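Participant: Below: one structure in structure tokens.
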Amino acid sequence: MLTNTEMKMNTKDLNWTKWKILPNPSKSYDSFRTLMIKAVRNPSYPGVYQLKNSDTGEYVLFGVGVKVGERMCSLIPKEHGGVGRRNNHYKREYVWKNIEHIQFRTITTETRNEALEIERFLKHQNIHIFNT
């Protein structure tokens, strides 16, 4: 069930950043964490991220984090520089195998609860390959 705030949301009206290419740590001397922290607007704030495959045009996945930049550091497998303990092997492998075509955008929020509302809204859209 969507909240009143979520029902009023429109994906286009949300304050997304512009789409950016996901950094590829295999093409840099910096760690994936360092690359993500540099690439994300306000990486230490709560927020939501969304990935899409620029080759296919498909939305891939989305997520929320208390520190959105830190949270995005788990998007690729550990053996390639990703971090985290979440059991999301299939998502990480998809992102890594398609990293040359993966774009991301973020929304920074004031609170984690605001970010969670946006995440629930995105989940309700049911437009992502990984809709969890």
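Participant: On the given criteria, is Val83 in contact (Cβ under 8 Å) with a residue 12 or more places away in the chain, of a type in the set (A, V, I, L, M), open to solvent by less than 70 Å² (accessible area, probe 1.4 Å) and farther than 20 Å from Lys123 by Cβ? Give the steps one after another, and end with the answer.
Facilitator: Details: in contact (Cβ under 8 Å) with a residue 12 or more places away in the chain: yes; of a type in the set (A, V, I, L, M): yes; open to solvent by less than 70 Å² (accessible area, probe 1.4 Å): yes; farther than 20 Å from Lys123 by Cβ: yes.
Here the answer is yes, as Val83 does meet what is asked.
Participant: Same structure, new question: Run down Tyr45, Tyr59 and say which single residue is within 17 Å of Ile127 (Cα to Cα) and touching a strand residue (DSSP E or B) at 6+ places or on another chain (Cβ under 8 Å). Break it down into steps so the answer makes sense when it comes.
Facilitator: Values: Tyr45 fails: within 17 Å of Ile127 (Cα to Cα).
Tyr59 is the lone residue from the list that is within 17 Å of Ile127 (Cα to Cα) and touching a strand residue (DSSP E or B) at 6+ places or on another chain (Cβ under 8 Å).
Participant: Return yes when Lys123 is charged (D, E, K, R) and more than 12 Å from the chain's Cα centre (by Cα) and no when it is not. Step through it out loud before you land on a result.
Facilitator: Details: charged (D, E, K, R): yes; more than 12 Å from the chain's Cα centre (by Cα): yes.
Judged against the criteria, Lys123 is a match.
Participant: Next question. Any residue at all in the range 120-130 that is under 19 Å from Ser26 (Cβ atoms), free of Cβ contacts under 8 Å to residues at least 60 places away in the same chain and not aliphatic (A, V, I, L, M)?
Facilitator: The initial filter retains those residues of the range 120-130 that are under 19 Å from Ser26 (Cβ atoms), namely none.
No - not one qualifying residue is present in the range 120-130.
Participant: Sort out which residues of the range 41-61 are closer than 20 Å to Arg112 by Cα and open to solvent by 10 Å² or more (accessible area, probe 1.4 Å), and write them in order of number.
Facilitator: Arg41, Asn42, Pro43, Ser44, Tyr45, Pro46, listed by residue number.
Participant: For the range 84-130, name all the residues that are under 18 Å from Pro23 (Cβ atoms), of a type in the set (A, V, I, L, M, F, W, C) and in contact with a Pro (Cβ under 6 Å, 6 or more places away or on another chain). Break it down stepwise before answering.
Facilitator: So in the range 84-130, the residues under 18 Å from Pro23 (Cβ atoms) come out as 84, 91-106.
Applying the additional criterion that residues be of a type in the set (A, V, I, L, M, F, W, C) yields 95-96, 99, 102, 104.
The answer is Trp96, and nothing else.
Participant: Is at least one residue of the range 21-33 farther than 22 Å from Phe130 by Cβ, open to solvent by 40 Å² or more (accessible area, probe 1.4 Å), touching a residue at least 24 places away in the same chain (Cβ under 8 Å) and in contact with a His (Cβ under 8 Å, 6 or more places away or on another chain)?
Facilitator: Residues of the range 21-33 that are farther than 22 Å from Phe130 by Cβ, as a first pass: 26-31.
Applying the additional criterion that residues be open to solvent by 40 Å² or more (accessible area, probe 1.4 Å) yields 26-31.
Then drop every residue that is not touching a residue at least 24 places away in the same chain (Cβ under 8 Å), which leaves 26, 31.
Next, from what is left, pick out any that are in contact with a His (Cβ under 8 Å, 6 or more places away or on another chain): 26.
Yes, because at least one residue in the range 21-33 is farther than 22 Å from Phe130 by Cβ, open to solvent by 40 Å² or more (accessible area, probe 1.4 Å), touching a residue at least 24 places away in the same chain (Cβ under 8 Å) and in contact with a His (Cβ under 8 Å, 6 or more places away or on another chain).
Participant: While we're looking at this one, here's another question. Across the range 54-75, which residue is farthest from the chain's Cα centre (by Cα) among those that are more than 20 Å from Asn87 (Cα to Cα) and in contact (Cβ under 8 Å) with a residue 60 or more places away in the chain?
Facilitator: The extreme case among them is Glu58.
The values are calculated or read from the model by the stated rules, or taken from the named source; none is laboratory data. These numbers come from a predicted model, not from an experiment. Ideal geometry is used to build each Cβ from the backbone, glycine not excepted, and the neighbour counts take in all protein chains shown. Accessible surface is based on the protein model in full, side chains and every heavy atom, while ligands, DNA and RNA are left aside. Shrake-Rupley method; radii C 1.70, N 1.55, O 1.52, S 1.80 Å.
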